[in-house]
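The block underneath contains the structure these notes are about, expressed in structure tokens.
The values are calculated or read from the model by the stated rules, or taken from the named source; none is laboratory data. Here the structure is a predicted model, which means the values were calculated and not measured. Backbone-built Cβ (ideal geometry, glycine too); neighbour counts: all protein chains shown.
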Amino acid sequence: MSDLELLNLHVSIDGKKILKGLTLTIKQGETHAIMGPNGSGKSTLSNAIMGNPKYSIDSGDILLDGTSILSLTPNQRAEKGLFLAFQYPQEISGVSLAYFLRNAYNASHPQNGKIPVMEFHKKLQEKMKQLKMDPSFADRYLNEGFSGGEKKRSEILQLAMLEPRYAILDETDSGLDIDALKTVSEGINLAAKNKLGILLITHYQRILRFVKPDFVHVMVDGRIVKSGTSSLAEKLEKKGYEWVIEELKEKAAKNRK
Ligand SMILES: Nc1ncnc2c1ncn2[C@@H]1O[C@H](COP(=O)(O)OP(=O)(O)OP(=O)(O)O)[C@@H](O)[C@H]1O
Ligand SMILES: [Mg+2]
């Protein structure tokens, strides 16, 4: 089975419980959007999936194509086709974007051997053109002095170059102007054509106008409390998260009766 399964995940950081029983299955080719208030645990979820060692998985499991990946390092997870775009990408001085991407490509496709440099650059230029990025950008040091929008665009370039099977995009849309939002969305849609499973974490409905999710989930306090389709995102945009929380309280009260 080609899917990424999160099974009753409980995750904590520094002893603080953040995820409290999160269950979700993402099939290859599906786009799932996760929305939720600040601090509900969305970035924690991304970090846990990628195997950031700061996050402790207290119980539950993460299965990739039916096999647990909990014992794998972040690099091994990338080799298996997982990709994470960070909410706050790091700057790496002295490493150009092109060099970084070539290494990331080789690391995530070990079965193909190293990609010839010329072939890599041809592919890079093609993808940069699609993403309307200036070719000279590839020579810049990774994320150093990149504007917010440039960082996001270079993440989507990474996504386009690495061709993973599952991508976790944590607020790839934040800080983008409207043109950049369209370009980044086109990049995501292009990658999605390649049978990519996407977990798109966002605060705003606006990206969902360009990237159509198959499912929208609301996360509150470390759990998915509501799932639906695009119309759920529209409702959230209009009414905020309060109504979901109210609805939960009402349900809980009914159950107590
Ligand atoms: N290193 C840490 N130490 C202590 N608490 C942390 C740490 N990292 C995250 N948290 C806490 O975990 C909770 C969930 O944080 P997380 O970043 O996952 O939220 P989020 O849903 O991504 O929020 P946002 O929408 O603001 O990006 C927050 O209360 C946060 O303060
Ligand atoms: Mg976050």
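If the condition is being within 16 Å of ligand 2 (Cβ to nearest atom) and under 15 Å from the mean Cα position of the chain (by Cα), then segment 169-196 contributes LEU169, ASP170, GLU171, THR172, ASP173, SER174. Residues of segment 197-220 that are away from ligand 1 (no atom under 15 Å from the Cβ), part of a strand (DSSP E or B) and over 25 Å from LEU162 (Cβ atoms): VAL216 alone. Residue under question is ILE34, and the condition is that it be farther than 18 Å from PRO213 by Cα and either near ligand 1 (Cβ under 10 Å from one of its atoms) or in contact with an Asp or Glu (Cβ under 8 Å, 6 or more places away or on another chain) (or both); does it hold? Here the answer is no, as ILE34 does not meet what is asked.
Within segment 1-11, not a single residue is away from ligand 2 (no atom under 13 Å from the Cβ), among the hydroxyl-bearing types (Ser, Thr, Tyr) and without any contact (Cβ under 8 Å) to a residue 12 or more places away in the chain.
Within segment 144-170, being of a type in the set (Ser, Thr, Tyr) and over 19 Å from SER46 (Cα atoms) holds for one residue alone: SER147.
Is it the case, given these coordinates, that GLY145 is more than 15 Å from the chain's Cα centre (by Cα) and more than 16 Å from ligand 2 (Cβ to nearest atom)? Answer is yes for this residue. Pairing each residue of segment 221-246 that is touching a residue at least 12 places away in the same chain (Cβ under 8 Å) and surrounded by fewer than 18 Cβ atoms within 10 Å (Cβ to Cβ) with any residue that is part of a loop (DSSP other than H, G, I, E, B) and charged (D, E, K, R), provided the two are 6+ apart or on different chains, yields C-beta distances under 8 Å for THR229/ASP214; SER230/LYS212.
THR23 falls short on exactly one of the conditions (1) more than 13 Å from ligand 1 (Cβ to nearest atom); (2) surrounded by 15 or more Cβ atoms within 10 Å (Cβ to Cβ); (3) modelled with pLDDT of 95 or more; (4) within 19 Å of the chain's Cα centre (by Cα), and that condition is (2). Can you tell me which residue is farthest from LEU63 (Cα to Cα) among those in segment 197-222 that are more than 14 Å from ligand 2 (Cβ to nearest atom) and in contact with an Asp or Glu (Cβ under 8 Å, 6 or more places away or on another chain)? Of everything passing the filter in segment 197-222, ARG206 is farthest from LEU63 (Cα to Cα). Checked against (1) in contact with a helix residue (DSSP H, G or I) (Cβ under 8 Å, 6 or more places away or on another chain); (2) under 24 Å from LYS152 (Cβ atoms); (3) basic (Lys, Arg), LYS114 passes all but a single condition, namely (2). Within segment 153-161, is there a residue that is within 16 Å of ligand 2 (Cβ to nearest atom), closer than 23 Å to HIS109 by Cα, touching a residue at least 12 places away in the same chain (Cβ under 8 Å) and touching a strand residue (DSSP E or B) at 6+ places or on another chain (Cβ under 8 Å)? Yes, some residue in segment 153-161 is within 16 Å of ligand 2 (Cβ to nearest atom), closer than 23 Å to HIS109 by Cα, touching a residue at least 12 places away in the same chain (Cβ under 8 Å) and touching a strand residue (DSSP E or B) at 6+ places or on another chain (Cβ under 8 Å). Taking each residue of segment 35-56 that is surrounded by 17 or more Cβ atoms within 10 Å (Cβ to Cβ) and assigned to a helix (DSSP H, G or I) and looking for partners that are at pLDDT 90 or above and among the aromatic types (Phe, Trp, Tyr) with beta-carbon atoms closer than 6 Å, six or more apart or interchain, yields ASN47/TYR55; ALA48/TYR55.
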